[in-house]
Structures are given as structure tokens and as C-alpha cells.
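What follows is one structure encoded as C-alpha cells, with my remarks underneath.
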Amino acid sequence: MAKAIYYGKQTIDQRDIDAVCEVLHSNLLTQGPYVGRFERDLANYVEAPYAVACSNGTAGLHLACMGLGITQGDEVWVSAVSFVASANCARYCLANVRFVDIDPMTGNISIKALEKMLAHTEHLPKALIVVHMGGNSCDMRAIAQLCQAHSIAIIEDACHALGSTYHNEPVGNCRYSDCCVFSFHPVKTITTAEGGMVTCKDPKLAKQLRQFASHGISKDIDDWSHPDPAPWYYEQHTLGYNYRLSDLQAALGIAQLHRIDSFLQERRAIIERYEQAFANHGLLHMQQITANSCSAYHLALIQCADKNIRQKIYQALAEDHIFCQLHYIPIYRQPYYRKLNSTEFNEYPGAEAHYQQALSLPVYPTLSIDEQKRIIKVIEQTLRPYLQLAN
């Protein structure tokens, strides 16, 4: 049986193991010094003034919504194609959700669709959640220009995009947004097993995020309503959650972040080989990257000519124990959101085209050249009959 190849997986070496073991041998497995160090390291990497660690990317999105004061009666607009968490975070705050169509070539929010919605809506959103699909940065200048004209907050769902750049600046510096959310799931650029981080520019927002992530509790004497000199004293000022990251996870994240440049280099080399292999195929093409940006390539997204070809490729790869994935079923298609919104699928032509044609091929730093050749060979063999018919 051929060795199984998955669309993504973590890259762990002895340095990661040693970092985690160091915490295991220490006195504090959580609420120790490693989380703060990880926050500082990541903030420096993405050139953001503040970074707040949390338990996962979904928690980070929820914290972002809470920090921006999103509540019942508000409306939040979200990219139509993403994981459901990109919309659920607004629903956790009891906000109404509407979806913005995407450009199927990039996988990101369509600027034209956003312009049209803003021009015709009766209810402006309090916030827009943009998703950098597969690590491909949205056109943030254009989005920010549209949103600023209407005082709409922007949350960047950058769960795919640690290591991506836009106009030679790191995604995560929040130049065009209020805050930015990263994920450290095992298939992401770096991993903490599960984990997330929210970056922002506003010190007040950072302080709120930190409180919301720790039960709404403050240990800062300047915040207390009844200062008490006792060392055990604390106050809960709002309703928060236990969204903390542990020191075990933070130590792993620190070790991984030290190697992020090599991870990105390997991912980009893999994408280049896919692009070279498929350059002359009229039946599929790689994701189109936003102008003046560089993707972290969390995903190796291809668009097939139609859903039948996509299905044939998926099946042929699976038969050879190569397991791809579809990113994603449009959120508005989910039964939960269909109950909330009377949406017709044809309202989102870009999202529907993406859903019918997209496929995510394997991409991760330890994917070998021979393994990638195996993937490409299966795809080429599958496409051969279609290419012969075309000729």
C-alpha cells in the first residue's frame, strides 16, 4: 500500500519537543512566562503593537467581535466562503450575519460585490470580517477605503495567513484593520496544537481582549473599584471566557516561530512546482494571488474546469491514498444559516463557482519532491482523456 499523503500536517522536530519538555519540567504549565514571550515574539514578527494569545482561532474571532462591541441588533458582514467560525463569532454576540460574495479566482471577498452591497443596503454593518483565503491577502487598501467611508470596523480573519505579506508589509500589522486573528492549528503555518492570537493597534482594545480571554477578570490595581492590598485580590469587571493559551502551547509556538522562514520557503517551493506542472493545462489553474502580495500558502488551491473534473481528480488521488480537501462549503449553504437567512444560492455566483471547482492539494514543509511528483502524476493521468478530447 502506498504511503498516505494528507492535504496538510504539522512539522515537528526535536527543538519543539525540547521546548515543551522544558515547560513540563518547570513549575508552571499555564499562566507562566511563556505566553507573554510568545505574544511579544509574534507581535514583533507581524509588526503589530499588541498581540493577545488565546485558545484557538475561533476564540480569537469571538474576542475580536466582543472587543469591538458587537452585540444584539448589529449586523456583521462576512466572506461567503470560509470555515463556519468566521460567521459564528458574530452570532455568539447575537449579531445578524450577511455574506459577501467572493472572487472565485482569488477566493477572497469581491470588491465589486462589497461595493454593490454597500450601495444598496438599508442597514450598514458594524463590522466586516474579511478572510485571507489560503494565505492570499485580500485587497485591504480597497476594502479599508470602502469601510472607512461608512465607519465600518474591519476584522481580518488571518487564520490562514501567518507569514503572508501585502504591499511588502506583514499581514497582522493591522494597517488597514481594527484587529487581526491568527490560528495555530496543526495544518497552519506554525502550530501550538490548538491556539490563536489577536493583534491590534489600540492599547484599550488589547486590554479588553485580554480581560475577555480570562473570565473578564482584572488583576491590574488601576482597574479596581475597591483596591485591596491582599496579594490574592482580583476583580471581575465583565462577562468573559476561559480562552487562555497554556505555557505548553506557547513554548511550542515560540519554537515553531523561530523556523517560520524555512516553513514558508518550503511551502512556496511546493507551490512553484505545482504551478510549473499545471502551467499548460487548460483544465485547471492555481489560485490567483492578490496584486502586491505574497501568500503564506496555507493551502494549495486549484480551480478545475468543472465539478466533474474536480470529482475525478479527487477520486483518483484518494484511490492512491492521497487525501485532498475542499475549502470550503459556502457558509450560507449550511442549514443553520439557511434558517436565519432566506438566501438563494444564485445570489453568490463567485462563491458557487468556487464551490463547484475548488480543490486543496497537499502542501506542508515535509512533503517530499517524490511525494509531490506522485500527486502530479495522478492528476496528469486523470486529465489525459479530457486533454485528448480537447485536441
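Within the bounds of the stretch 201-213, is there any residue that is free of Cβ contacts under 8 Å to residues at least 24 places away in the same chain, touching a strand residue (DSSP E or B) at 6+ places or on another chain (Cβ under 6 Å) and either crowded, with 18+ Cβ neighbours inside 10 Å or over 14 Å from Val52 (Cα atoms) (or both)? There is no residue in the stretch 201-213 that is free of Cβ contacts under 8 Å to residues at least 24 places away in the same chain, touching a strand residue (DSSP E or B) at 6+ places or on another chain (Cβ under 6 Å) and either crowded, with 18+ Cβ neighbours inside 10 Å or over 14 Å from Val52 (Cα atoms) (or both).
In the stretch 175-200, what residues are surrounded by fewer than 17 Cβ atoms within 10 Å (Cβ to Cβ) and small (Gly, Ala, Ser)? If the condition is that a residue be surrounded by fewer than 17 Cβ atoms within 10 Å (Cβ to Cβ) and small (Gly, Ala, Ser), then Ala193 is the only one that fits.
Return the residues of the stretch 337-354 that are surrounded by fewer than 22 Cβ atoms within 10 Å (Cβ to Cβ), of a type in the set (Phe, Trp, Tyr) and in contact (Cβ under 8 Å) with a residue 40 or more places away in the chain; say none if nothing qualifies. If the condition is that a residue be surrounded by fewer than 22 Cβ atoms within 10 Å (Cβ to Cβ), of a type in the set (Phe, Trp, Tyr) and in contact (Cβ under 8 Å) with a residue 40 or more places away in the chain, then Tyr337 is the only one that fits. Residues in the stretch 214-244 that are touching a residue at least 24 places away in the same chain (Cβ under 8 Å) and outside any loop (DSSP other than H, G, I, E, B): how many? So the count comes out to 2. Given the options Ala161, Ala230, Ala153, name the one that is hydrophobic (A, V, I, L, M, F, W, C), surrounded by fewer than 24 Cβ atoms within 10 Å (Cβ to Cβ) and modelled with pLDDT of 95 or more. Being hydrophobic (A, V, I, L, M, F, W, C), surrounded by fewer than 24 Cβ atoms within 10 Å (Cβ to Cβ) and modelled with pLDDT of 95 or more holds for just one of Ala161, Ala230, Ala153, which is Ala153.
Ala291 meets all of the listed conditions (1) in contact (Cβ under 8 Å) with a residue 60 or more places away in the chain; (2) in contact with a helix residue (DSSP H, G or I) (Cβ under 9 Å, 6 or more places away or on another chain) but one, namely (2).
Within the stretch 28-45, is even one residue in contact (Cβ under 8 Å) with a residue 40 or more places away in the chain and on the phi > 0 side of the Ramachandran plot? Scanning the stretch 28-45 turns up at least one residue that is in contact (Cβ under 8 Å) with a residue 40 or more places away in the chain and on the phi > 0 side of the Ramachandran plot. The sole residue among Ala43, Ala51 that is in contact with a Ser or Thr (Cβ under 7 Å, 6 or more places away or on another chain), surrounded by 14 or more Cβ atoms within 10 Å (Cβ to Cβ), among the aliphatic types (A, V, I, L, M) and under 18 Å from Asn242 (Cα atoms) is Ala51. Are there any helices (runs of 4 or more DSSP H) wholly within the stretch 332-391 with 1 or more residues that are under 30 Å from Glu75 (Cα atoms), and if so which? In the stretch 332-391, 335-340, 349-357 are the helices (runs of 4 or more DSSP H) which contain 1 or more residues that are under 30 Å from Glu75 (Cα atoms). Here Val130 clears all of (1) out of contact with any Gly (no Cβ under 9 Å at 6 or more places or on another chain); (2) surrounded by 24 or more Cβ atoms within 10 Å (Cβ to Cβ); (3) touching a residue at least 60 places away in the same chain (Cβ under 8 Å) except the condition numbered (3). The numbered conditions (1) part of a helix (DSSP H, G or I); (2) farther than 30 Å from Gln334 by Cα are all true for Gln31 except (1). Tallying residues that are without any contact (Cβ under 8 Å) to a residue 12 or more places away in the chain and either in contact with a Cys (Cβ under 8 Å, 6 or more places away or on another chain) or more than 23 Å from Leu359 (Cβ to Cβ) (or both) within the stretch 308-335 yields 2. Taking each residue of the stretch 159-182 that is farther than 19 Å from Leu128 by Cβ and assigned by the TED database to the domain that holds Ser55 and looking for partners that are assigned to a strand (DSSP E or B) and of a type in the set (Phe, Trp, Tyr) with beta-carbon atoms closer than 9 Å, six or more apart or interchain, yields Leu162/Phe182.
Of everything in the stretch 233-283 that is of a type in the set (Ser, Thr, Tyr) and surrounded by 17 or more Cβ atoms within 10 Å (Cβ to Cβ), the residue that is farthest from Asp18 (Cα to Cα) is Tyr274.
Checked against (1) farther than 30 Å from Ala90 by Cα; (2) in contact with a strand residue (DSSP E or B) (Cβ under 9 Å, 6 or more places away or on another chain), Ile331 passes all but a single condition, namely (1). Exactly one residue out of Ala119, Ala87 is out of contact with any His (no Cβ under 8 Å at 6 or more places or on another chain) and surrounded by 24 or more Cβ atoms within 10 Å (Cβ to Cβ), and it is Ala87. If you go through the stretch 315-345 one residue at a time, how many are among the polar types (S, T, N, Q), within 23 Å of the chain's Cα centre (by Cα) and within 22 Å of Tyr364 (Cα to Cα)? Of the residues in the stretch 315-345, 1 are among the polar types (S, T, N, Q), within 23 Å of the chain's Cα centre (by Cα) and within 22 Å of Tyr364 (Cα to Cα).
Taking each residue of the stretch 360-383 that is within 16 Å of Lys312 (Cα to Cα) and looking for partners that are part of a helix (DSSP H, G or I) and among the polar types (S, T, N, Q) with beta-carbon atoms closer than 7 Å, six or more apart or interchain, yields nothing. Picking from residues in the stretch 104-143 that are closer than 24 Å to Tyr328 by Cα and among the hydroxyl-bearing types (Ser, Thr, Tyr), the one that is farthest from the chain's Cα centre (by Cα) is Ser110. You will find that of Leu68, Leu94, the residue that is out of contact with any Phe, Trp or Tyr (no Cβ under 9 Å at 6 or more places or on another chain) and at positive phi is Leu94 and no other.
The values are calculated or read from the model by the stated rules, or taken from the named source; none is laboratory data. Since we're looking at a predicted model, the values are computed, not measured. Here the Cβ is made from the backbone with ideal geometry for all residues, glycine too, and neighbour counts use every protein chain on show.
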